[in-house]
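*Asks:* Take a look at this one; I'll ask things after.
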Amino acid sequence: MVYRFIENHKNQFGLRWLLSKTGIFPNAYYNYLKHSKSDYYAQKNAICDEIKEIYHELGGILGHRSMNNVPLHPSNH
């Protein structure tokens, strides 16, 4: 994907130069960045919600042994 290429090489070539050469408008690039961050925060919130649920299921006792036995991978939801 072009956006990912720009993100990986913007320090080497310069963001504005890459955007002009690829024909991508700056607002489109920044919307892409905003959207990718929203996915990250949604996943982070889902994990936090699951931790809170487990905490309450265990009566407010949540130690490292309890957490090591819990699958927190997004595909398990």
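The values are calculated or read from the model by the stated rules, or taken from the named source; none is laboratory data. If you're wondering where the values come from, they're calculated on a predicted model, not measured in any experiment. Note: ideal-geometry Cβ built from the backbone for every residue, glycine included; neighbour counts use all protein chains shown.
*Asks:* Does any residue of region 4-17 turn out to be modelled with pLDDT of 80 or more and small (Gly, Ala, Ser)?
*Replies:* Yes, region 4-17 has at least one match.
*Asks:* Would you tally the residues in region 16-36 being surrounded by 10 or more Cβ atoms within 10 Å (Cβ to Cβ) and free of Cβ contacts under 8 Å to residues at least 12 places away in the same chain?
*Replies:* 11
*Asks:* What is the residue count in region 49-76 for residues that are at pLDDT 85 or above and either assigned to a loop (DSSP other than H, G, I, E, B) or surrounded by fewer than 10 Cβ atoms within 10 Å (Cβ to Cβ) (or both)?
*Replies:* Here the count works out to 0.
*Asks:* Looking at this structure, is Lys37 assigned to a helix (DSSP H, G or I), within 24 Å of the chain's Cα centre (by Cα) and modelled with pLDDT under 85?
*Replies:* yes
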